[in-house]
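This report refers to the structure that appears directly beneath it.
Please treat every number below as a calculation from the coordinates, not as lab data. Note that the structure is a prediction, hence the values are computed from the model and not measured. All Cβ positions, even for glycine, are placed from backbone atoms using ideal geometry, and neighbour counts span all protein chains on display.
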Amino acid sequence: MAAADLIASLQRQFPGKVGQGREFREEWMVEVDREIIRPVAAYLKGEQGLNFLVDISSVDHMGDEPRYEVVYEFAGLGGANNQIHLRIKARVSEDDASIDSLVPVFQGADWHEREIFDMMGIRFNGHPDLRRILMWEGYPFYPLRKDFPLEGIPSDAPGEGFSFIAPMEGGPFVAPAMPPPKVGDAPTTVREPRAHPADSLKEDLKEQQAGLHKDSAQRMGQSA
């Protein structure tokens, strides 16, 4: 059965709760209502042979409502639907940032859901152990939300952990280490549009470029 036929079977199984399938570069996706995500997973696994949950990820559409999107990648290994892949999306409201856990259907959903909870703040109802997996317990922020500053937020939990503002140029969470900039290059703090308000970018760029020219001239003078 092709992925398009799987979507048609979902529409028959869950009438009015499954959207229209979309194909892009031979990959099929369909959006479903969030309240049926667990029955959908159970149906795909038990009735259609999509027995492998490849991944779960999330997207922050800040400014839209529902704000969040949880993305599930299902695939079949063996059987009639061997190597068939289907992407399922479910929208999650900012006012109720939660969705049912798939751990009762796919045990492998465990750490995927914990990471999304940790980084995006979406709760998974019925998860057996919904704890943070990267940040420490009690950390008050969700680093992959779009309103989280790119350079981070300083925080401190005595006896647990701490975080500092990360350097934008070559910082551990922002950009890989880069070679020294050439004259006229803009450093990361200017190139990254979320680092500064848009109306300040042009002035920042002028200041940074002027500083680079000055530093270059000084180096050339020292080497002469």
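In sequence order, what are the phi-derived ³J(HN,Hα) couplings for the range 145-151 according to the Karplus relation 6.51 cos²θ - 1.76 cosθ + 1.60 with θ = phi - 60°, rounded to whole Hz, with x for glycine and proline?
With the stated coefficients, the range 145-151 comes to 5, 5, 8, 7, x, 4, 7 Hz.
Can you list the residues, at least 5 places off or on another chain, whose amide H is less than 5 Å from the amide H of Trp28, using H built in the peptide plane?
Arg87
Give me a comma-separated list of calculated 3J(HN,Hα) values for the range 117-122, in order, Karplus coefficients 6.51, -1.76, 1.60 applied at θ = phi - 60°, integers in Hz, x for any Gly or Pro.
In residue order, the calculated couplings are 4, 5, 8, 10, x, 7 Hz.
Rounded to the nearest Å, what's the spacing between the alpha carbon centres of the range 43-82 and the range 85-151? Just the number, please.
14
Below 8 Å between Cα atoms, with a sequence gap of 6+, how large is the relative contact order for the range 3-145 in percent?
19
How much of the DSSP beta bridge set in the range 1-134 is antiparallel, as a percent to the nearest 5?
Counting only bridges with both partners in the range 1-134, antiparallel ones make up about 75 percent.
Can you sort Trp111, Trp136, Trp28 by how many other beta carbons sit within 10 Å, fewest first?
If I rank by nearby Cβ atoms, fewest first, I get Trp111, Trp136, Trp28.
So for Asp100, Asp55, fewest C-beta neighbours within 10 Å to most, what's the order?
Least to most surrounded, the residues fall as Asp55, Asp100.
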